[in-house]
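One structure is given here, and the rest of the page talks about it.
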Amino acid sequence: MKKILIIGTVAYDEIETTTGSSGKILGGAATYIGLGASLLNSKSSIISIVGGDFEHKNLKLLKLKGINTDSIEIVPKGKTFYWKGKYHKDWNKRDTLNTQLNVLADFNPAVSEENKKAEIIVLGNLHPEIQNTVLDQVNVSEKCIILDTMNFWMDNALAELMKVIKRVDIIIINDEEALQLSKKDTLFAAANKILSFGPKQIVIKKGEHGAMLFDESRFFTVPAFPVKKVIDPTGAGDTFAGGFAGYLSHLDKINFEAMKLAVVHGTVMASFCVEGFGTSVMESLEKETTNNRLKEFKNFTRY
């Protein structure tokens, strides 16, 4: 089994939706990625930073899920990254009400010798400069590098982001971000343009409409799993990335055919995430439940 190294935020979120409010809960891109991968019994390690206010029970949860937390730096007198957001009736639209970088403002990740052995690296949503710092510390040519980013960095750190994109194997972004990054009008044209920047593959997430996988000559698409009631979409994209990487970690060879099933696994893992606030559903999810949903999904998409 390949080891997964995750770089991203471990944080506190506070979420408001039309269905209610979460209060202060566990969040962060790396948290969701790790939980998504753990559902596939993958071996992963997180590099992140938290403050002294970060509750021990949250670290214990990650450890119980088989996630190595040794590289999560704790700043005793600091405060953990915090984000508060409010979703509209249209789940694709949300407002950021409060962002507090706190200890994340001085985050300078160091990759240990043990973590350098990881075969798969997932760069969670962070400033591209930090992502590049991580890549500078590993032998990129020997790794499968997966990048997750967002439109904020396209608006505010595009030059640095382009440097990262040139160095990764797979980029995972949503449909709006793909159109913005490529400056194209269709997703097919956007995929071709982004592939010309350096990645070998691109996954374009389309929310309730599923996901698309491209390389320079092939294309694959899946619908979303039909979730009956969405409670909170926060972290769904990160959970997708975790499920995607988690599936690939079990394979001897990573190729386009393997990535098709990785997209399927990512889609199913993300469908659980949206059924509760934050990580609540992911925390108690059983392997049998995920396997049953994967079987359901197969039946939905078979023809």
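Show the residues, 5+ positions off or on another chain, whose built amide H is closer than 5 Å to the amide H of residue 75.
Residues meeting the criterion, in which the H sits 1.01 Å from N, are 50, 51, 52.
Gain in length, residue 88 to residue 166, computed as 0.36 nm per residue apart minus the alpha-carbon separation, to one decimal in nm?
Length difference between fully extended and current span is 24.6 nm.
Using θ = phi - 60° and the Karplus relation 6.51 cos²θ - 1.76 cosθ + 1.60, list the HN-Hα couplings for region 142-155 in order, rounded to whole Hz, with x at every Gly or Pro.
9, 10, 9, 9, 10, 10, 10, 9, 8, 5, 4, 6, 5, 7
Per residue of region 164-180, what does 6.51 cos²θ - 1.76 cosθ + 1.60 with θ = phi - 60° give for ³J(HN,Hα)? Whole Hz please, x for Gly and Pro, Karplus curve as stated.
Rounded to whole hertz, the list is 5, 4, 5, 9, 9, 8, 9, 10, 10, 9, 8, 5, 5, 5, 5, 5, 5.
When only C-alpha pairs under 8 Å and at least 6 residues apart count, what is the relative contact order of region 3-301, in percent?
About 19 percent, as a whole number.
Ranked from highest to lowest mean number of other Cβ atoms within 10 Å per residue, what is the order of the peptides 199-207, 2-10?
Sorting 199-207, 2-10 by mean packing, highest first, produces 2-10, 199-207.
Using 1/(1 + (r/R0)^6) with R0 = 22 angstrom and r between the beta carbons of residue 218 and residue 250, what's the FRET efficiency to the nearest 0.05?
So, using R0 = 22 Å, E works out to roughly 0.50.
What 222 nm value per residue comes from the helices of the chain, counting each DSSP H run with n ≥ 4 as -39,500 (n - 2.57) and dividing by all residues, nearest 500 deg cm²/dmol?
Rounded to the nearest 500, the figure is -10500 deg cm²/dmol.
Near the amide H of residue 43, under 5 Å away, which other amide H atoms are found, from residues 5 or more places off or on another chain, if H is placed in the peptide plane?
Result for residue 43 returns 4.
Report, in whole Å, the centroid distance computed from the Cα atoms of region 64-105 and region 162-221.
Cα centroid of region 64-105 versus Cα centroid of region 162-221: 26 Å apart.
Using per-residue counts of other Cβ atoms within 10 Å, averaged over each peptide, order 230-238, 65-73, 291-299 from highest down.
The densest-packed peptide leads the list: 230-238, 65-73, 291-299.
As an exercise, identify the GluC sites (Glu not before Pro) in region 82-138 lying in DSSP coil whose Cβ has no more than 10 other Cβ atoms within 10 Å.
113
To make sure I understand, if each residue's beta carbon is the centre and we count other beta carbons within 10 Å, what order do 303, 87, 12 fall in, fewest to most?
Going from sparsest to densest Cβ surroundings: 303, 87, 12.
Counting only DSSP beta bridges with both residues in region 3-301, tell me the antiparallel percent, nearest 5.
In region 3-301, approximately 40 percent of DSSP beta bridges are antiparallel ones.
Take 265, 250 and order them by how many other Cβ atoms sit within 10 Å, fewest up front.
Ordered by Cβ neighbours within 10 Å, fewest first: 250, 265.
Simple spin-label model, 7 Å along Cα-to-Cβ: residue 301 to residue 18 in nm?
Each label point lies 7 Å from its Cα, and together they span 2.8 nm.
Would you list 91, 153 from fewest to most Cβ contacts within 10 Å?
Listing 91, 153 from fewest to most nearby Cβ atoms yields 91, 153.
Taking amide H positions as placed in the peptide plane 1.01 Å from N, state which residues far from residue 174 in sequence (5 or more) or on other chains have amide H under 5 Å from it.
205
Measuring from a point 7 Å past the Cα of residue 95 along Cα-to-C-beta, which residues in region 15-31 have an amide N at less than 18 Å?
Answer for this model: 15-23.
Whole-Hz ³J(HN,Hα) for each residue in region 79-91, computed from phi via Karplus 6.51 cos²θ - 1.76 cosθ + 1.60 with θ = phi - 60°, x for glycine and proline: what do you get?
Karplus values, whole Hz, x for Gly and Pro: 10, 6, 3, 9, 9, 10, x, 10, 8, 8, 4, 7, 4.
Every read-out reported here was derived from the displayed coordinates using simple, explicitly stated rules and does not represent laboratory data. The shown structure was predicted, so the numbers you read here are calculated from the model rather than taken from an experiment. So basically every Cβ, Gly included, is an ideal-geometry build from the backbone, and we count neighbours across all protein chains shown.
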